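S.K.: The structure is given below, and queries will be raised subsequently.
The values are calculated or read from the model by the stated rules, or taken from the named source; none is laboratory data. Note that this is a predicted model, so its numbers are computed, not measured. Because the Cβ atoms are built from the backbone with ideal geometry, glycine has one as well, and the counts that use them run over all protein chains shown. Side chains are part of the model used for accessible areas, which takes the heavy atoms of the whole protein and leaves out ligands, DNA and RNA. Shrake-Rupley method; radii C 1.70, N 1.55, O 1.52, S 1.80 Å.
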Amino acid sequence: MRLMISDDLKLDYGDVLIVPGRSPVASRKQVELAVDTDFRGHIMRYQGVPIMAANMDGVGTMEMADALREYGVFSCLTKFYQARELIDFFTSDPSRSAFSAMTIGIGDDDWNKFAAVNARAGDLLAYACLDVANGYTDRFVGCVEKFRDLYPDKILIAGNVVTPEQTVRLIDAGADIVKVGIGGGSVCETRIKTGIGFPQFSAVLECARAAHEDGGRIVADGGCTTPGDVAKALAAGADFVMLGGMFAGHKEGGGRIVDRFFSGEEVTEGGELVIEKHQYVEFYGMSSKTANDKHFGGLKDYRSSEGRTVLLRLKPSLSDSIHDLLGGLRSACSYVGAESLNEISQKARFVRCSNTHNRIFEEMALE
Ligand code: 5GP
């Protein structure tokens with residue numbers, strides 16, 4: 001029997017903390033969050049905050065992309081927009097081009113849709129996200145090569161993987177930004193359903209190092225539940241961080257809003273129980289039964305659902321959430337002496353600790 005167990009300890013975001021260090025940064029106000037990232041073989045650079053909204057329902061919507069662009073934050077649109085909607089999106093406002101990617105899978109319809117949008121949007125379609133759950137198949141690597149041959153000028157985000165070897169394989173096949181993360185997402189059930197996964201902090205650390213040696217970039221995808229996690233991902237070397245759950249729960253995501261009524265101890269003067277209305281937004285994994293029912297007419301009989309469906313409390317405002325996130329990143333930079341987010345990975349040191357994760361999303365699992 002072949003038994004292979006790696007004894008190396010692998011860590012998640014909750015297993016580490018960033019150690020503060022001597023800092024020339026007098027105020028967090030001085031910290032620059034926009035990065036200026038180049039891509040091997042391209043003239044185009046990314047100039048913005050290195051955060052991406054995930055290509056998920058409830059997150060990667062056009063409305064969310066427009067709102068996040070105001071803060072210099074990037075979005076990967078969901079795969080489920082029609083070609084005409086995408087053409088209109090990219091051509092009607094050229095400033096969207098630098099902050100939005102069209103996402104596709106690897107089916108014939110996806111290739112056809114990309115060609116149709118590209119024929120009309122041309123250079124305004126600068127970023128593409130080639131997204132599959134399992135970036136290890138030879139077929140997927142072939143698709144990355146095919147994309148690179150067909151569209152040499154596009155910045156290609158591709159994944160997902162969690163190991164340095166496959167990160168390098170995708171970069172060598174033509175990916176510019178490799179999506180790193182399997183099993184760590186807030187509504188992901190891959191670890192439960194398949195036993196597959198990799199602790200996300202270590203995946204980011206190892207894949208970023210390998211990507212940079214090979215001239216590529218990575219986006220740390222999934223598993224961030226706090227601004228501190230985002231800081232840890234960037235400090236570990238991620239060039240970008242992709243967020244699903246942290247951006248979900250806002251009205252810009254367009255998810256179904258559900259009212260729930262609760263009674264506490266409080267009573268009115270008339271002695272009646274006070275009933276409070278709480279608003280929730282439905283949020284689900286893109287491999288969940290909910291997503292499969294919505295987009296593919298149900299789960300195929302050879303698949304199991306690898307995503308959860310939850311209700312998140314409707315968050316009061318996207319701008320409050322963004323300020324909280326960006327403020328946290330500025331503060332993290334000032335603690336480690338980084339004058340810009342660009343420098344955080346050179347300045348930060350980590351310490352291992354007992355798991356610090358003390359906040360989960362305020363959510364209610366659906367029946
Ligand atoms: P989050 O920021 O919510 O922790 O993670 C977002 C990431 O979770 C997405 O970008 C995607 O990579 C992953 N994801 C989204 N839906 C599913 C799903 O249904 N199953 C799995 N395994 N991963 C998912």
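S.K.: I need the full set of residues from the stretch 76-126 which are among the polar types (S, T, N, Q) and either within 21 Å of the chain's Cα centre (by Cα) or surrounded by 21 or more Cβ atoms within 10 Å (Cβ to Cβ) (or both), in order please. Even if it seems obvious, please write down each step before you answer.
M.R.: First, the residues of the stretch 76-126 that are among the polar types (S, T, N, Q): 78, 82, 91-92, 95, 97, 100, 103, 112, 118.
Listed by number, the residues that qualify are Thr78, Ser97, Ser100, Thr103, Asn118.
S.K.: Based on what the data block shows, is Val180 more than 25 Å from Phe114 (Cα to Cα) and surrounded by 24 or more Cβ atoms within 10 Å (Cβ to Cβ)?
M.R.: no
S.K.: Still on this structure, I have one more. For the stretch 173-212, how many residues are free of Cβ contacts under 8 Å to residues at least 24 places away in the same chain and away from the ligand (no atom under 12 Å from the Cβ)?
M.R.: 1
S.K.: Another question, if that's okay. Cβ-Cβ under 7 Å, sequence separation 6+ or interchain: first residue in the stretch 315-338 and touching a residue at least 24 places away in the same chain (Cβ under 8 Å), partner among the acidic types (Asp, Glu). Which pairs?
M.R.: Leu318/Glu252
S.K.: Name the single residue, out of those in the stretch 213-249 being assigned to a helix (DSSP H, G or I) and within 13 Å of the ligand (Cβ to nearest atom), that is surrounded by the fewest Cβ atoms within 10 Å (Cβ to Cβ). Steps first, please.
M.R.: As a first pass, look at the stretch 213-249 and keep what is assigned to a helix (DSSP H, G or I): 213, 227-235.
So of that shortlist, the ones also within 13 Å of the ligand (Cβ to nearest atom) come out as 227, 229-230, 233.
Details: Pro227: 19, Asp229: 23, Val230: 25, Ala233: 34.
Among them, the one singled out is Pro227.
S.K.: Here's a follow-up. Run Gly264 past the list (1) away from the ligand (no atom under 13 Å from the Cβ); (2) closer than 22 Å to Thr356 by Cα; (3) open to solvent by 10 Å² or more (accessible area, probe 1.4 Å); (4) not acidic (Asp, Glu) and report the number of the one that doesn't hold.
M.R.: Result: Gly264 fails condition (2) only.
S.K.: Here's another thing I want to ask about it. Inside the stretch 54-162, counting only helices (runs of 4 or more DSSP H) that do not spill past its ends, which hold 3 or more residues that are in contact (Cβ under 8 Å) with a residue 60 or more places away in the chain?
M.R.: 62-69
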